[in-house]
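Please read the structure below before turning to the comments.
Readers should treat all values here as calculations from the given coordinates under stated rules, not as data from a laboratory. Because the structure is predicted, anything quoted here is derived from the model rather than measured. Here Cβ is always computed from backbone atoms with ideal geometry, including for glycine, and neighbour counts include all displayed protein chains.
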Amino acid sequence: MADTAWRLARAMFHAARDAGELEPVGADLARLNAVLRASPDIQRVVHHPRISETAKDNLLGGAAETELVRRLIVSLIASREVTLLTAISRQFRQMARQEAGVVKVEVRTAIELAPDDEAALRAALERHFGRRAAMQVVLDPSLIAGVRVLVDDRVLDDSLKARLTTLGERLRAA
């Protein structure tokens, strides 16, 4: 299923890029995905076997703002794979960021960062990865102090919580 979502996302990405519509298609996918995830009622309608494809298409396809996304919705409904929309949207965003030379970064901190500190951290991450950073800062008091940075599939953890955990493991092993 993940492979199917990746192939569909790649096809959408190439079609959107060729049409010069990367941004509108990406925004449309993200918006429809958010609506679908936020509403259990819409999810039930979309997955209900007795509700016609036309009704489902009117609901989701009618909410799509771009022709590419409308066609994707029709295809997903016909193949009963609307659940792939979340994975397709995620993969599409990742491909668009990669194309734009942007790396997605989640920074977890125990306290709120001052604007100057956030800018300095962003600049350091951009120098380190050689790409612009789309950075999201999340407050996480459980870290106690320090910072935990998630970039793609890598974790850079310089939090007091991580240091205490490592110290505890060393003490148990000794």
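Subtracting the Cα-Cα distance from 0.36 nm times the residue separation, let me have the gained length for THR86 to LEU150 in nm, one decimal. Spell out each step's value before the answer.
On the way: separation 64, 0.36 × 64 = 23.04 nm, distance 2.06 nm.
Result for the pair: 21.0 nm of gain on full extension.
Placing dummy labels 7 Å off each Cα toward the beta-carbon, the span from LEU164 to HIS128 is 2.3 nm. Here the Gaussian network model covers the chain, with springs between Cα atoms less than 10 Å apart; of ASP152, ASP140, ASP116, ASP116 fluctuates the most. The shape of the chain comes out prolate: with a ≥ b ≥ c from the C-alpha gyration tensor, a/c is at least 1.5 and a/b beats b/c. Taking 0.36 nm per residue of separation and subtracting the current Cα-Cα distance, fully stretching the chain between SER52 and GLN136 would add 26.2 nm.
Determine the percent antiparallel among the DSSP beta bridges restricted to the stretch 101-173, to the nearest 5. Walk me through the numbers before you get to the answer.
Numbers: 11 of 19 bridges.
Expressed as a percentage, antiparallel bridges in the stretch 101-173 total about 60.
Once you have the Cα-Cα distance between GLU106 and GLN94, take 0.36 nm times their residue separation minus that, and quote the gain in nm to one decimal. The partial results should precede the final answer.
Working: separation 12, 0.36 × 12 = 4.32 nm, distance 1.40 nm.
Going from the current span to full extension adds 2.9 nm.
The phi-based Karplus calculation (6.51 cos²θ - 1.76 cosθ + 1.60; θ = phi - 60°) puts the 3J(HN,Hα) values of the stretch 61-69 at x, x, 8, 6, 9, 10, 5, 4, 6 Hz, whole numbers, x for Gly and Pro.
As a test, work out the antiparallel percent of DSSP beta bridges whose residues both lie in the chain, rounded to the nearest 5. Working shown, then result.
Details: 11 of 19 bridges.
Approximately 60 percent, going by the DSSP bridge assignments.
Taking amide H positions as modeled 1.01 Å from N, with prolines and chain starts lacking one, the residues under 5 Å from VAL103 and 5 or more places away or on another chain are ARG132, ALA133, ALA134. A convex hull fitted around the alpha carbon atoms of the stretch 101-173 yields 90 Å³ per residue.
Between ALA34 and SER75, how high is the FRET efficiency from 1/(1 + (r/R0)^6) when r is the Cβ-Cβ distance and R₀ = 25 Å? Nearest 0.05.
The calculated FRET efficiency here is 0.80.
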